Amino acid sequence: MKTPALALFLVVLCWAVSAEAQSAHRSPLRAPQSGNELLDWCNQAVRTQETDWGLEARRAAEDPRLVVEMMENIMKSTWCAGYLSAIKDVIFISQLNLSFAAKAGVKLTGPEEAQKLALQTAFICIPDGVSPGQLARIVVKWLREQPESLHEPRSVLTLKAFTDAFPCQAPANKPDNQ
């Protein structure tokens, strides 16, 4: 008995979302390029972690226009989590490549800016178990504390935030046992 009612609700909800999206003439969402946009999208990732989704669903059922907003917020949140996870993976792969290159005696080549970014990853040590949500909180906090940098590209700012949050520790000096 509940299944047909739920199916009907979902059909009506999808229709309402479609109608609202078409009538709003919203421009399509575009992935963030600068720190200003990254802050907005990753702020949403932090909010999403704190959201009572049962309450949001009840509100959306009462006002279908909220569904469009809810879906945009979920998309922003998901994009941010995926982007930060990808940057984390790129840092790891870059560190492996730098390590192999150093052992083989290969020097970095290419544009100077790319070389700087590659070398910067050597000083970022993100511990195992850091979640995308935690990365989002770190980036949001860093961006809020650096408003003068928000015009810079998202990749540069993300690396700066990760460098500050997760600096590699120098190996501890072992005492001489002699």
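The values are calculated or read from the model by the stated rules, or taken from the named source; none is laboratory data. Predicted, not measured: the structure shown is a model, and the values here were computed from it. Heads up, the Cβs are rebuilt from the backbone with ideal geometry, glycines too, and the neighbour counts pull from every protein chain shown.
Residues that are at pLDDT below 80, at least 2 per element: which helices (runs of 4 or more DSSP H) completely within the range 1-118 meet that?
2-24, 53-62, 65-104
For the range 115-130, check the following and say yes or no: at least one residue is over 26 Å from ASP40 (Cα atoms) and basic (Lys, Arg). Outline the logic, then answer.
Applying the first criterion (over 26 Å from ASP40 (Cα atoms)) to the range 115-130 yields 115-116, 118-119, 122-123, 128.
Now narrow it down to the ones that are basic (Lys, Arg): 116.
Looking for residues that are over 26 Å from ASP40 (Cα atoms) and basic (Lys, Arg), one finds at least one in the range 115-130, hence yes.
So which residues in the range 119-133 are assigned to a helix (DSSP H, G or I) and either surrounded by 14 or more Cβ atoms within 10 Å (Cβ to Cβ) or among the acidic types (Asp, Glu) (or both), if there are any at all?
GLN120, THR121, PRO132, GLY133
Select from the range 119-135 the residues that are of a type in the set (A, V, I, L, M, F, W, C) and at pLDDT below 90 and list them in ascending order.
Those that are of a type in the set (A, V, I, L, M, F, W, C) and at pLDDT below 90: LEU119, ALA122, PHE123.
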